Amino acid sequence: MKPISFAFNQISDNIFTGGLEILSLRVIYKIMEVLIADEYGFCFGVERAVEMVEEALAEGDTVRTLGPLIHNDQEMGRLATHGVSTINAPVQIQRGETAVIRAHGVTPQVEAELREKASKVVDATCPFVTKVQKLASRAAAQDRHVVVVGNPDHPEMIGVFGYAPKHSFIVRDVAEVAALPRLKNPLVVSQTTIKLQNFYDVAEAVKAKADGETQVVNTICSATRDRQDAARSLAGEVDAFYIIGGRHSSNSRKLLAVCQEQCEKSFLIETEDEINVEDLRGARKVGLTAGASTPNWLIEKIGKRLEEIGIGLDNEMAVT
Ligand code: SF4
């Protein structure tokens, strides 16, 4: 983890005693150090999607994203001030507008509809998701079954399913494999954000149902796990932990749960206004991390606010 404030602060002042000026150096050790986790904030796919939207804006496009681009109200608000708006279905796009496919991806049918209606389509599907779509599509073309481990209601899974609708099954866990028919040379892939152990457990269960060879391709992206591992290793060292992220962002909520395991004073916040100074009184080390949809500008703003609070608390200590 990286400190974002200095470990200590020195304050010197003059003390007058009985007409005699005695120069004294008073050393105040800064009691609050802010440490940021080794991995935090925007993942590769989200950062790329935001950059692609910004490029389209720079070209003067009227940008409309199919579904919210990311799960962060503050970043969505910032993009809205640049004219970016959200649509819920391809039918809402107009000629003259640019449609953006977000990092989760969409089905080939939805993409085709957007291409037909919009003047331009910016495909910001994360390359890690594109890989899953391509694997599913190729296996279906070979008339093999595809088992995708994930949440069937998640937009990423709906998109992947669309690449092999007649050959795919989406299962959450081993228990759901029991309901599957015999599987022909199955391919097993995963939603990018699921737990590794669950994936391998399902893969083993699929092998027992397979006729022919089972191909297992781990398509889990490490971004979520890396952020959780980094938060976990910092959480045991700090007295309070702030996780910056949307309350409706599942990866931010998971980060909160990870931090709470070791640090009781862990808080999920969306803005600096939610920091309660009383929670920080007496804290020597404060941890900071952010979900994969949290922009850097917001993390910097909140880091700065924590530093200001730390200096305020030091000054309070200094007045003796
Ligand atoms: Fe891509 Fe991974 Fe980010 Fe999902 S979490 S958008 S797969 S980098």
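The values are calculated or read from the model by the stated rules, or taken from the named source; none is laboratory data. Everything numeric in this text was worked out from a predicted model, so none of it was measured. Don't worry about glycine lacking a Cβ; one is built from the backbone with ideal geometry, like all the others, and counts go over all protein chains shown.
Could you count how many residues in segment 91-111 are farther than 15 Å from G67 by Cα and crowded, with 16+ Cβ neighbours inside 10 Å?
Narrowing segment 91-111 to residues farther than 15 Å from G67 by Cα: 94-97, 108-109.
Cutting the leftovers down to crowded, with 16+ Cβ neighbours inside 10 Å gives us 97.
Of the residues in that region, 1 qualify.
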When restricted to I302, I220, I311, the only residue in a loop (DSSP other than H, G, I, E, B) and of a type in the set (V, I, T) is I220
Under the condition of being closer than 16 Å to T219 by Cα and aliphatic (A, V, I, L, M), which residue from segment 169-193 is nearest to the ligand (Cβ to nearest atom)? V189
Out of (1) more than 22 Å from S249 (Cα to Cα); (2) in the same structural domain as T65 (by TED's automatic domain parsing), the one V106 does not meet is (1)
Pairs needed: first member in segment 219-242, in contact (Cβ under 8 Å) with a residue 24 or more places away in the chain and of a type in the set (G, A, S); second member anywhere, within 9 Å of the ligand (Cβ to nearest atom) and not in a helix (DSSP H, G or I); C-beta distance under 9 Å; at least 6 residues apart or different chains. A223/C43; A223/T192; A223/T193; A223/A292
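From the list R144, R115, exactly one residue is in the same structural domain as E59 (by TED's automatic domain parsing) and more than 27 Å from the chain's Cα centre (by Cα). Which is it?
Working: R144 fails: in the same structural domain as E59 (by TED's automatic domain parsing).
After applying the criteria, what remains is R115.
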Examine segment 264-281 for a residue that is part of a loop (DSSP other than H, G, I, E, B) and within 29 Å of H104 (Cβ to Cβ), and state whether such a residue exists. yes
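Quick grid of which residues meet (1) at pLDDT 95 or above; (2) of a type outside the set (S, T, N, Q); (3) under 30 Å from P127 (Cβ atoms):
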residue	(1), (2), (3)
C259	yes, yes, yes
I275	yes, yes, no
A283	no, yes, no
E300	yes, yes, yes
E307	no, yes, no
Please go through (1) in contact (Cβ under 8 Å) with a residue 24 or more places away in the chain; (2) within 15 Å of the ligand (Cβ to nearest atom) for H248 and return the number of the only condition it doesn't satisfy. (2)
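When the residues of segment 186-201 are narrowed to those that are of a type in the set (S, T, N, Q) and within 17 Å of C43 (Cα to Cα), which ends up surrounded by the most Cβ atoms within 10 Å (Cβ to Cβ)? Working first, answer last.
Narrowing segment 186-201 to residues of a type in the set (S, T, N, Q): 190-193, 197-198.
From what is left, the residues that are within 17 Å of C43 (Cα to Cα) are 191-193.
Values: Q191: 23, T192: 25, T193: 20.
The selected residue is T192.
With the requirement that a residue be assigned to a helix (DSSP H, G or I) and either within 12 Å of the ligand (Cβ to nearest atom) or touching an Asp or Glu at 6+ places or on another chain (Cβ under 6 Å) (or both), what does segment 33-60 give you?
Initial filter on segment 33-60 (assigned to a helix (DSSP H, G or I)): 44-58.
Listed by number, the residues that qualify are F44, G45, V46, E47, R48, A49, V50.
When the residues of segment 112-146 are filtered to those that are hydroxyl-bearing (S, T, Y) and more than 15 Å from T65 (Cα to Cα), which remaining residue is nearest to the ligand (Cβ to nearest atom)? I'd like the intermediate steps shown before the answer.
If we filter segment 112-146 for residues that are hydroxyl-bearing (S, T, Y), which is where we start, we get 119, 125, 130, 137.
Add one more test, that the residue is more than 15 Å from T65 (Cα to Cα), and what stays is 130, 137.
Values: T130: 10, S137: 18 Å.
Looking at the filtered set, the residue picked out is T130.
Among the residues of segment 131-148, which ones are small (G, A, S) and surrounded by fewer than 21 Cβ atoms within 10 Å (Cβ to Cβ)?
Initially, segment 131-148 is screened for residues small (G, A, S), giving 136-137, 139-141.
Scanning segment 131-148 gives S137, A140, A141.
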